[in-house]
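Q: If you scroll down you'll find the structure; I have some questions about it.
The values are calculated or read from the model by the stated rules, or taken from the named source; none is laboratory data. Since we're looking at a predicted model, the values are computed, not measured. Cβ sites come from the backbone with ideal geometry, for glycine too, and all protein chains shown count toward neighbours. Accessible surface is based on the protein model in full, side chains and every heavy atom, while ligands, DNA and RNA are left aside. Shrake-Rupley method; radii C 1.70, N 1.55, O 1.52, S 1.80 Å.
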Amino acid sequence: MDAVDLVLRKFDGRPHRQVTGRLLGEDAYGTWLGTPRGTVVTYHYGARPVGRTKVSAVRLLPAEKWWMAMFLAEPAKREIYCDVITPLRWTGPAEITVVDLDIDLVRYRDHRVEVEDEDEFEQHRLEMGYPPEIVEGSLSGAAALREALVRDDEPFASHYRSWLTRVDG
């Protein structure tokens with residue numbers, strides 16, 4: 001399986017976060033990347049520039065959606081962590097770049113869904129001058145994603161589990 005760099009930037013172009021995953025494959029839902037426990041994540045914000053993942057995860061990057069999802073192995077309390085993003089772009093033969101648009105959605109193992117960082121979205125929308133199409137894509141993407149997480153639509157119900165089993169195998 002091939003290594004793929006997942007690069008997240010902010011709307012103004014500055015780097016945000018980066019992780020290298022293994023390309024597990026593609027299906028009707030999008031591109032699946034595996035990140036085993038202990039995978040290095042580079043942060044371009046906060047106090048720690050480098051971290052390691054605490055559990056294995058599989059990341060789904062749909063081709064034309066305004067979100068990406070990370071499905072976390074147990075014992076993580078979060079089952080699914082989603083970033084609202086611009087649709088992905090392959091920026092190299094082994095590199096995917098997205099723009100992180102601040103809003104995050106989390107589904108916990110008890111199926112509770114929380115929306116995070118809407119205040120950060122609003123602040124960056126004003127500071128960085130998000131154009132109307134970015135605002136609309138972000139808000140409609142977050143709303144559709146929240147509904148899918150709450151209703152337990154696929155790939156959030158069980159589809160991701162077969163991909164997650166491939167991460168450490």
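Q: Suppose only helical runs count, i.e. DSSP H with n ≥ 4. What mean residue ellipticity at 222 nm does that imply for the chain under -39500 (n - 2.57) per run, divided by all residues and rounded to the nearest 500 deg cm²/dmol? Walk me through the intermediate numbers first.
A: Details: 3 runs with 36 residues, N = 169.
Computed ellipticity for the chain at 222 nm equals -6500 deg cm²/dmol.
Q: With a 1.4 Å probe and every protein chain left in place, work out the accessible area per residue of the chain in Å², rounded to a whole number.
A: 51
Q: Please compute the length gained on full extension between ASP168 and VAL55, using 0.36 nm multiplied by the number of residues separating them and subtracting their Cα-Cα distance.
A: 39.6 nm
Q: I've got another one for you. With +1 assigned to the C-beta of every Lys and Arg and -1 to the C-beta of every Asp and Glu, and no other charges, what is the dipole magnitude of the stretch 24-152 about the Cα centre in debye, to the nearest 20? Spell out each step's value before the answer.
A: Values: 15 positive and 23 negative charges, 148 e Å.
Around 700 debye, computed over the stretch 24-152.
Q: At a threshold of 8 angstrom on Cα-Cα distance, excluding pairs fewer than six apart, so keeping six or more, what relative contact order does the stretch 1-128 reach in percent?
A: 19
Q: Enumerate the lysines that LYS77 could reach by cross-link, defined here as Cα to Cα under 18 Å, with residues fewer than 8 away along the same chain left out.
A: LYS54
Q: Give me the Debye-computed log₁₀ of I(q)/I(0) at q = 0.13, 0.18, 0.20 Å⁻¹ for the chain, equal point scatterers on Cα only, no solvent, two decimals.
A: Log10 of I(q)/I(0), two decimals: -0.60, -1.23, -1.54.
Q: Once you have the alpha carbon radius of gyration of the stretch 14-85, what is it after dividing by 2.2 N^0.38 Å, with N set to its residue count?
A: After normalising by residue count via 2.2 N^0.38 Å, the value is 1.12.
Q: Percent of accessible area on the chain owned by carbon and sulfur, 1.4 Å probe?
A: 51
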